[in-house]
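Some notes on the structure that comes next.
The values are calculated or read from the model by the stated rules, or taken from the named source; none is laboratory data. Given the structure is predicted, the values throughout are model-derived calculations rather than measurements. Here Cβ is always computed from backbone atoms with ideal geometry, including for glycine, and neighbour counts include all displayed protein chains.
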Amino acid sequence: MVTVRESERLRIMYTLGIETSCDETACAILKNGTHILSSVISSSLARHKPFGGVVPEIASRHSLEAIDLVFEEALQKAKLRTEDLDLIAVTRGPGLIGSIFVGVSFAKALGLALDIPVVGVNHIEAHLEANFIGKKKPASFIGLIVSGGHTSLVHVQNGRYKLLGETVDDAIGEAYDKVAKLLGLEYPGGPVIDRLAQKSTDFGTFPFTKPKLDGKFDFSFSGVKTRALHYYEENKKKFRSQKILQSFCASFQEAVMSWISDQTILAARECQARSIVVGGGVSANSRLRSLLVEKVKVGAQHAVPLQLFLPSFELTTDNAAMIAKLGHTRYQLSRRNATKDFSANPSLAIGE
Ligand code: KG4
Ligand code: ZN
């Protein structure tokens, strides 16, 4: 039987989202699942820079130190008190185990203290869900997840996730970061390469070829990375020229983003999906965005039109508003999705 208190809780007004799966510690408050009242992010990025990548121990220590303050700031910005919260959503995976534990423990303790439901959500699914804050979610779509840890294509139908393909080696963001490191550029390399690439239209000086793969929708970036290493070793001196560096970045970016965008359109056509939804840190990439816009437009002239969802720039990177949104959606779907009986899972699969 649903008690009065429970039925009140079903009308979720304020959802707190908590994200601590990698180097960010974030809290956000969402009103009615549609309005972001506050979104606070504390990043430990600067502490990882000297190492050229995220150091798990530093990330979890930072989350432990930051979580209380980030939570307080999110409440203050939303002009709410702790008791106003109706629901808590927290990342339960995938990511760094130590960091996820911080968020999950905080969420469960707060949920118990306030006697409100807690929903553990999948970080990768949340990247896609970020697109639906204040927008109508299509029942079926192709999801493209591009981040520092993932490159996957999924077919989502009525909340069910079917993995169509994923990277067999490096993730796209990881490939950007490694190539940037090779070129002596700062971490994270994605935005830096993107900026340099935008300054050149010379895609021919450093050609890259597409890898051959068994899975139709799988990706691989280790070959591109090795090719980049050879180009660099063979032309080290030339790379001191900004022009050469820019044309190298443009070629690299064009090669990987043409391939990813082609595969995404193909997946949509094959699955007869009418929408494409993009998420993850690399969805901030200028060329990926423009290629998808172009290809969706071209397709519209002779086939079933496709609707393209690209996240706003603030929501491309790890944030807690997307976690709150997914938690809210899942709780509305079924109260059973709120159980404090879940644990951190660093290798949580999509749809699990
Ligand atoms: O989703 P995210 O914030 O963290 C993970 O869950 O991995 O993604 C971070 C990744 C980094 O590898 C970073 O280099 C990449 O996203 N990135 C970009 C751009 N902005 C961030 N890659 C290419 N172009 C960009 N504009
Ligand atoms: Zn992420």
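I'd like to check something: does the stretch 274-286 contain any residue that is of a type in the set (Gly, Ala, Ser), surrounded by fewer than 19 Cβ atoms within 10 Å (Cβ to Cβ) and in a helix (DSSP H, G or I)?
Within the stretch 274-286, one or more residues are of a type in the set (Gly, Ala, Ser), surrounded by fewer than 19 Cβ atoms within 10 Å (Cβ to Cβ) and in a helix (DSSP H, G or I).
Pairs under 8 Å by beta carbon, first residue farther than 18 Å from LEU110 by Cβ in the stretch 320-339, partner among the basic types (Lys, Arg) and surrounded by fewer than 24 Cβ atoms within 10 Å (Cβ to Cβ), six or more apart or different chains?
Hits for this filter: THR329/LYS137.
Consider GLY53 against the criteria (1) surrounded by fewer than 22 Cβ atoms within 10 Å (Cβ to Cβ); (2) of a type outside the set (A, V, I, L, M); (3) assigned to a helix (DSSP H, G or I): it satisfies all of them except one. Which criterion is unmet?
(3)
State which residue is surrounded by the most Cβ atoms within 10 Å (Cβ to Cβ) when the search covers only the stretch 287-319 and only residues that are part of a helix (DSSP H, G or I) and without any contact (Cβ under 8 Å) to a residue 24 or more places away in the chain.
Result: ARG289.
Of the residues THR91, THR167, only one is under 27 Å from GLN307 (Cβ atoms) and of a type in the set (Ser, Thr, Tyr); which?
After ruling out the rest, the residue left standing is THR167.
Across the stretch 190-205, which residue is nearest to ligand 2 (Cβ to nearest atom) among those that are at pLDDT below 95 and within 18 Å of TYR232 (Cα to Cα)?
PHE203
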